[in-house]
Amino acid sequence: MRRAIELAARGLGTTSPNPVVGCVLLDADGEVVGEGFHAYAGGPHAEIVALAQAGHRAKGGTAVVTLEPCDHTGRTGPCSLALVQAGVARVVIAVPDPNPVATGGAATLRAAGIQVDLGVRGAEAENGNVAWLTAMRRGWPYVIWKFAATLDGRSAAADGTSMWITSEAARMDVHALRATVDAVVVGVGTVLADDPRLTVRNLRDGSLAIRQPLRVVVDSAGRTPADAQVRDGAAATWIATAAEVGTGPDGGVDLPALMAALQVRGVRAVLLEGGPRLAGAFLAAGLVDRVVGYLAPRLLGAGPAALVDAGVSTIAEAIDLEVTDVTQIGPDLRIAALPRKREG
Ligand SMILES: NC(=O)c1ccc[n+]([C@@H]2O[C@H](COP(=O)([O-])OP(=O)(O)OC[C@H]3O[C@@H](n4cnc5c(N)ncnc54)[C@H](OP(=O)(O)O)[C@@H]3O)[C@@H](O)[C@H]2O)c1
């Protein structure tokens, strides 16, 4: 299963609106005879790739798969049936499929007399598919808020300049993170201040990745300039206005409605890239699932804060985080953390 989880991760960022899935096939003697992962929506599922490699050697063998095999015909046929037809004796599954359309694979396999073991390395596999599983279970995308700040928490200098707070190594890391999501979201304030491109690029030669996340500008009144770089055609862009999405209680774009609209568009993982005001509104609305902060070993002493108006006015209301990872990237620190769920 550890190997199947590794394989699944190769699909991160390219399978939307589908999950990442990995599969390892063992023959009746326990030898690995096939491996596969789901690479893109509409393409073969992990089980089908592994079965094709294994051929007749799958008969009497074991399929180890990170997500319950699908039981329906979508753009491809049901994997449950393919496993039955291949004659596997046992299927080991990490996580049940929460998608009401595709679930039922385990029951179909059992009905065909196949031994099914569910929940093997479940927590690890959940972790590898956390955005898709979270989005499917609750109906709106998983949101990672990413920001860069100086050690004294400034997101820009006093004169407004903020490019570049962190090192090239940290910025390359951000591009790798962007490549794993389906949409990148910023507020119109960031577009007006920085005119970012928000594409996934090779920072050395500027070349664009083949697959680009949707670029979303949260822009109540449609102030995004006609010549803004986010409109350059290098990737799909949605200027999400209040007229289209709806108006929230603070007069800006209705953020829960925005999330629901993104889910309908097939977005499961969102990278919220600021700025401080939009990030504050997302946090105040409880819409952030993970925080990734890049802290540069620099001090500014003046300039805007990394976060504004997150609905906190006293220390008891602070949004507590559980740090899950600290990694040094070039001279900078990358800190990943999960907001602790608030009570009540
Ligand atoms: N260091 C970093 O990681 C980082 C990242 C990004 C930006 N920045 C810096 O941040 C600065 C810009 O900050 P900012 O706070 O003005 O930009 P922002 O957060 O990108 O944009 C805020 C704007 O978004 C619009 N908006 C629409 N719906 C909203 C809602 N529900 N809640 C909140 N905002 C909503 C509002 O404008 P309308 O009312 O017109 O819609 C609001 O003024 C720049 O200096 C930029 O360089 C730093």
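A few remarks follow.
- Scan of the range 33-83 for residues that are β-branched (V, I, T) and open to solvent by 20 Å² or more (accessible area, probe 1.4 Å), ordered by number: I48, V49, T62, T73, T76
- Evaluating R342 against the criteria (1) at pLDDT 95 or above; (2) within 19 Å of G280 (Cα to Cα) leaves one unmet condition, (1).
- For the range 1-17, a residue qualifies if it is open to solvent by less than 40 Å² (accessible area, probe 1.4 Å) and in a loop (DSSP other than H, G, I, E, B), and the qualifying residues are M1, G11, G13, T15, S16.
- The set of residues from the range 198-231 being modelled with pLDDT under 95 and open to solvent by 70 Å² or more (accessible area, probe 1.4 Å) comprises R204, D205, L208, I210, R211.
- Of everything listed in (1) more than 16 Å from the chain's Cα centre (by Cα); (2) modelled with pLDDT of 95 or more; (3) more than 13 Å from the ligand (Cβ to nearest atom), the single unmet condition for V188 is (3).
- Restricting A257, A243, A235 to residues that are surrounded by 15 or more Cβ atoms within 10 Å (Cβ to Cβ), at pLDDT 95 or above and not in a loop (DSSP other than H, G, I, E, B) narrows the list to A257.
- Test set (1) in a loop (DSSP other than H, G, I, E, B); (2) surrounded by fewer than 19 Cβ atoms within 10 Å (Cβ to Cβ) - V288 fails condition number: (2)
- Count of the range 260-283 residues, restricted to those that are of a type in the set (A, V, I, L, M) and part of a helix (DSSP H, G or I), is 8.
- Filtered residue count, the range 310-331, keeping only those that are in contact with a strand residue (DSSP E or B) (Cβ under 8 Å, 6 or more places away or on another chain), among the aliphatic types (A, V, I, L, M) and not in a loop (DSSP other than H, G, I, E, B): 4
- The one condition in (1) among the hydrophobic types (A, V, I, L, M, F, W, C); (2) farther than 30 Å from V20 by Cβ; (3) part of a loop (DSSP other than H, G, I, E, B); (4) without any contact (Cβ under 8 Å) to a residue 40 or more places away in the chain that L203 fails to fulfil: (2)
- Sole residue being under 25 Å from the mean Cα position of the chain (by Cα), open to solvent by less than 70 Å² (accessible area, probe 1.4 Å) and farther than 29 Å from D325 by Cβ, chosen from T103, T108: T103
- Close pairs (8 angstrom Cβ cut-off, 6 or more residues apart or separate chains): without any contact (Cβ under 8 Å) to a residue 12 or more places away in the chain in the range 214-240, more than 13 Å from the ligand (Cβ to nearest atom) anywhere: R231/T237
- Checked against (1) in a loop (DSSP other than H, G, I, E, B); (2) open to solvent by less than 20 Å² (accessible area, probe 1.4 Å); (3) under 24 Å from T161 (Cβ atoms), L307 passes all but condition (2).
The values are calculated or read from the model by the stated rules, or taken from the named source; none is laboratory data. Owing to the predicted nature of the structure, the values given are computational and were not obtained by experimental measurement. Methodologically, a virtual Cβ is constructed for each residue, glycine included, from the backbone with ideal geometry; neighbour enumeration extends over all protein chains shown. The accessibility values were calculated without ligands, DNA or RNA, using every heavy atom of the protein model including side chains. Shrake-Rupley method; radii C 1.70, N 1.55, O 1.52, S 1.80 Å.
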